[in-house]
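Student: Could you have a look at this structure, given as structure tokens, before my questions?
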Amino acid sequence: MSDSTANQGVAAFAPPPLQRDDASRAGVRGKQRRMAISLVIGALLVWLIVRAIQNPRFEWDVVGQYFTADAIMRGLGTSLYLTVVLFFFSVILGTLLAVGRASSYAPLRVFTWIYNWVFRAVPALVQIVLWFNLAYLVPTLSLSIPFGPTLWEVPTNEVISPFAAAVLGLGLCEAAYMAEIIRAGLASVDRGQNDAAHAIGLTNRQTF
């Protein structure tokens, strides 16, 4: 069998080429299907919202009173303040830990690796409970000269308040995650970028 005969046989079973009109119709049909699905989902959501509003058992007037209660407002303010504090705390500590993980000094790399592993493995709620109950294990915090007098001493409960326990428990945990995020970002920068920064006279701090 010649090559031309074989090619004719293959061409006989090949599907016809896709025309521009066929592609346009397929795109229109796909858009219509997506629009229909979106309308169905939207109608379902509207129906659920209307049923929830009309259900007297939700007691929306009572819900509104609780939303504006003093305890809720104080809790909201504390949550926002805690969020801001944790953001700066975790970013600063996470950056230092990331630099330690990228360091050429082996003991520092091992320490930061252990820190990240421990504080990412222990749930944040458990860490908050441990910090809040630290006074049970360490009743007082003190600064003293070895085998000498105590220079400073304070009850642990006065230092580890509920807010401080939340900052330590959540901040140390978040710093471990932030350290891995920053470390991955540093590792993604090509070595040539560092060389280029040094070539134009930037210091190590400026390059970082």
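Student: Residues GLN127, GLN65: which one is under 30 Å from the mean Cα position of the chain (by Cα) and either farther than 30 Å from PHE208 by Cβ or touching a residue at least 24 places away in the same chain (Cβ under 8 Å) (or both)? Break it down stepwise before answering.
Tutor: Details: GLN65 fails: under 30 Å from the mean Cα position of the chain (by Cα).
The match here is GLN127.
Student: Taking GLY201 as meeting all but one of (1) open to solvent by 40 Å² or more (accessible area, probe 1.4 Å); (2) modelled with pLDDT under 90, write down the number of the exception.
Tutor: Status for GLY201: all satisfied but (2).
Student: What helices (runs of 4 or more DSSP H), lying completely within the range 158-207, carry at least 3 residues that are in contact (Cβ under 8 Å) with a residue 24 or more places away in the chain? Explain how you work it out, then say what you get.
Tutor: Values: elements: 162-188, 191-199, 204-207.
Result: 162-188.
Student: Something else about it: Can we say LEU151 is open to solvent by less than 80 Å² (accessible area, probe 1.4 Å) and not polar (S, T, N, Q)?
Tutor: Details: open to solvent by less than 80 Å² (accessible area, probe 1.4 Å): no; not polar (S, T, N, Q): yes.
Considered against the rule, which asks whether it is open to solvent by less than 80 Å² (accessible area, probe 1.4 Å) and not polar (S, T, N, Q), LEU151 comes out as no.
Student: Ok, one more. Can you tell me which residues in the range 104-148 are among the aromatic types (Phe, Trp, Tyr) and open to solvent by less than 80 Å² (accessible area, probe 1.4 Å)? So that I can check it myself, show each step before the final result.
Tutor: Going residue by residue through the range 104-148, those that are among the aromatic types (Phe, Trp, Tyr) are 105, 111, 113, 115, 117, 119, 131-132, 136, 147.
TYR115, PHE119, TRP131, listed by residue number.
The values are calculated or read from the model by the stated rules, or taken from the named source; none is laboratory data. For clarity, every value in this text was computed on a predicted model and none was experimentally measured. All Cβ positions, glycine included, derive from the backbone under ideal geometry; neighbour counts span all protein chains shown. For accessibility, only protein heavy atoms count, side chains too; no ligands or nucleic acids. Shrake-Rupley method; radii C 1.70, N 1.55, O 1.52, S 1.80 Å.
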